[in-house]
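Structure first, then comments.
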Amino acid sequence: MSPRRGAQPGDEALPEVWSVVELTRRIGSLVAGLGRVSVEGELSRVSRAASGHVYFDLKDLDAKLACKLWRSQVARALKGELREGDRVVVHGRLDVYPPQGSYSLIVERIESAGLGALLARLEALKAELRERGWFDRKRRLPAWPRTIGVVTSRDGAALQDFLRTRSQRWPLYPVRLTHSPVQGPGAAGEIARAIRRLDASGVDVIVLCRGGGSLEDLWCFNELPVAEAIWAAGVPVVSGVGHETDTTLCDLVADVRAHTPTDAAQTVIPDRAALVSALERAAGHLAQGMDGLLQRRGERLERAAASRALREPSRLMTEREAALNRARAALERALRVRGRDAAARTGELLRRLERAGPRPALEQRTARLQACALRARGRIERALLGAEERERSLARQLEALSPLAVLRRGYSITRRLGSAAPLTGATGLAEGEELETRLREGSVVSRVTRIESGPAGR
């Protein structure tokens, strides 16, 4: 931003002064910042210049906006004639023209007012059908359809274009027409019924075609009944609606999209001239191949007739017999050599088997086992003798300590009657208590009549 001209220090309160160019550029940058805009209004002062540009005003009750449609954009942006008083929606970008200090809308597309809602509904329908997968199925067209079904108006130029192309590619090729209106109220239902009738009649492919027109004229091809009929068809469907720049809903659902009715005819009708030319080339190649084959077979026959095998067959048999004898002799020599080699290998394997056999190891293990058995027997006998000696010693000790031995020397063992513990003293006895005395032979039961205390033997 340039500083104010003629400003003095301390003049902050005064407004900044712009030049006309600076202000215009500033306004232009602000307008350009709006980007693409859509404006609704009424058409007025429509004019087409000799250069091909279209100029008009878009107005409402209290304002007017100048609009410019460049010649390069007319075919794309304009689908019909602009009429004074029509209410439209114009899409484009604002532009400032500095020499006149004016601004205008550079038009990119024009549509009738209210068409925006239809387009929004169409986009929603496209999104739904895309989610269903209706845009993904693309069936292969038959190379040689027996009958081609065509859905279009019998009074339209699209049918004439289709038939003209048929005459050029293959005159009188089988085509079955089902008439249907291709624009206006109720056209979508008629088109859907025509597709179903053709599908039930046994055609191999269905072509749906119509010439170009405005978006409103082609709107019946954007409706759901037509899309449903195409999707439900049992044969491939080719859509040739409008021009190359027109894209309708049926183009997206169809198996093949053709840019025009002529393109649709070229897509489904075989080219008879190309087929005849290909057959002629194939016939020429076949004849050339047969001639070459016959020539080669004749040369082989001549070589065979001049061969020695046919001229002297007995000599051939003699040579084959000699070769057979040589092969027999060679085979016999080979068998003898291989027999000797096999016998030598067998003998060597037997010797190796004997050396590596289990007999030496078994004999060695048997000897070791016998030696171990002898050592074990000696150890067992010594262990038994020692055990017997220890047993006799223990028996002698037990005999020496046995009370029975004491009894044999004249002593006796006394204990309370019914008790196993011997008495060692008179302490604890009571008069009248019964005692059992064990002798060497037998025992004596007695009763205590007097108890005397004191050391034994007194």
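The values are calculated or read from the model by the stated rules, or taken from the named source; none is laboratory data. Quick caveat: nothing in here was measured; it's all calculated off a predicted structure. Note that we place each Cβ from the backbone using ideal geometry, even for glycine, and neighbour counts take in every protein chain shown.
Figures for the structure shown
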| item | result |
| --- | --- |
| Flag if A383 is assigned to a helix (DSSP H, G or I) and within 30 Å of V445 (Cα to Cα) | no |
| Some residue of segment 175-185 being loosely packed, with under 15 Cβ neighbours inside 10 Å and either touching a residue at least 60 places away in the same chain (Cβ under 8 Å) or over 26 Å from P270 (Cα atoms) (or both) | yes |
| Any hit, segment 322-335, residues being outside any helix (DSSP H, G or I), surrounded by 10 or more Cβ atoms within 10 Å (Cβ to Cβ), without any contact (Cβ under 8 Å) to a residue 40 or more places away in the chain and not basic (K, R) | no |
| Those residues of segment 92-113 which are surrounded by fewer than 17 Cβ atoms within 10 Å (Cβ to Cβ) and closer than 18 Å to G33 by Cβ, in sequence order | R93, D95, Y97, P98, Y103, I106, E108 |
| Set A278, A376: member being surrounded by 10 or more Cβ atoms within 10 Å (Cβ to Cβ) and within 30 Å of W170 (Cβ to Cβ) | A278 |
| Any chance V74 is part of a strand (DSSP E or B), modelled with pLDDT under 90 and not assigned by TED's automatic domain parsing to the domain that holds A232 | no |
| Within segment 114-138, considering residues that are surrounded by 11 or more Cβ atoms within 10 Å (Cβ to Cβ) and among the hydrophobic types (A, V, I, L, M, F, W, C), the one farthest from V21 (Cα to Cα) | W134 |
| Every residue from segment 222-236 that is at pLDDT below 95 and either in a loop (DSSP other than H, G, I, E, B) or in contact with a Pro (Cβ under 6 Å, 6 or more places away or on another chain) (or both) | E223 |
| Single residue of R315, R308, R257, R300 found to be free of Cβ contacts under 8 Å to residues at least 24 places away in the same chain, touching an Asp or Glu at 6+ places or on another chain (Cβ under 6 Å) and not aromatic (F, W, Y) | R257 |
| Criterion: more than 15 Å from T262 (Cα to Cα), surrounded by 11 or more Cβ atoms within 10 Å (Cβ to Cβ) and of a type outside the set (D, E) - qualifying residue of L141, L159 | L141 |
| Residues located in segment 57-89, provided they are under 22 Å from G213 (Cα atoms) and over 56 Å from the mean Cα position of the chain (by Cα) | R83, E84, G85 |
| In segment 235-270, residue surrounded by the fewest Cβ atoms within 10 Å (Cβ to Cβ) [restricted to those that are out of contact with any Ser or Thr (no Cβ under 9 Å at 6 or more places or on another chain) and closer than 13 Å to R166 by Cβ] | P270 |
| Only listed residue being over 18 Å from G213 (Cα atoms), without any contact (Cβ under 8 Å) to a residue 60 or more places away in the chain and in the same structural domain as D199 (by TED's automatic domain parsing), chosen from T147, T165 | T147 |
| Selection count, segment 101-136, where residues are small (G, A, S), modelled with pLDDT under 85 and under 27 Å from G28 (Cα atoms) | 1 |
| Inter-residue pairs, beta-carbon under 8 Å, first touching a residue at least 60 places away in the same chain (Cβ under 8 Å) and in segment 413-425, second surrounded by 10 or more Cβ atoms within 10 Å (Cβ to Cβ) and not in a loop (DSSP other than H, G, I, E, B), 6+ apart | none |
| Among the residues listed as L335, L353, L279, the single one being under 30 Å from D161 (Cβ atoms), not polar (S, T, N, Q) and not assigned by TED's automatic domain parsing to the domain that holds R164 | L279 |
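Residue-by-condition table, conditions (1) part of a helix (DSSP H, G or I); (2) modelled with pLDDT of 80 or more:
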residue: A373; (1), (2): yes, yes
residue: R377; (1), (2): yes, yes
residue: R390; (1), (2): yes, yes
residue: T424; (1), (2): no, no
residue: G432; (1), (2): no, yes
residue: V444; (1), (2): no, yes
residue: T449; (1), (2): no, yes
residue: S453; (1), (2): no, no
